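Comments concern the structure below.
The values are calculated or read from the model by the stated rules, or taken from the named source; none is laboratory data. As the structure is a computational prediction, the values presented were derived from the model and not from experiment. Ideal geometry is used to build each Cβ from the backbone, glycine not excepted, and the neighbour counts take in all protein chains shown.
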Amino acid sequence: MRIDKYLWCVRYFKTRNSASTACKKGHVRVNDVIAKPSRELFPTDKLVVRINQINYQLTVLDIPPSRVGAKLVDIYRMDTTPKSEFEAQELLKYSKDYYRQKGEGRPTKKDRREIDGYLDNGESAE
């Protein structure tokens, strides 16, 4: 089975076209080699798929006949992704904490509420 079709069948991508695009961009590796979308996939192959800055590590157990339901995905693949990949994603969320430098455009609604809250507290204290 083609690798793009396999990734679509086991629900890593919503469409086969997006799976194919990911292969073309080099986000999919088979046995540590960047794979083209048309590469044939066999049981016991090891995949690394990069989705949303997480490197999912998979082992192909069997080839599905067509797209399978979410509950049946584990029959066709074994997910060996380490927990550290997901923890790194969690830390990335915190590192991108919202901060806007002074002079970078108009204040957002949240910024405006904070400014108004600060000014209201300052006036009542006097």
Among the residues of the range 14-35, is any hydroxyl-bearing (Ser, Thr, Tyr) and touching a residue at least 60 places away in the same chain (Cβ under 8 Å)? no
Listed residues Pro107, Pro65; which is at pLDDT 90 or above and either of a type outside the set (Val, Ile, Thr) or over 18 Å from the mean Cα position of the chain (by Cα) (or both)? Pro65
Boolean, Glu87 is surrounded by 10 or more Cβ atoms within 10 Å (Cβ to Cβ), modelled with pLDDT under 90 and among the acidic types (Asp, Glu): yes
For Arg77, are the conditions met, namely being at pLDDT 85 or above, of a type in the set (Lys, Arg) and touching an Asp or Glu at 6+ places or on another chain (Cβ under 9 Å)? yes
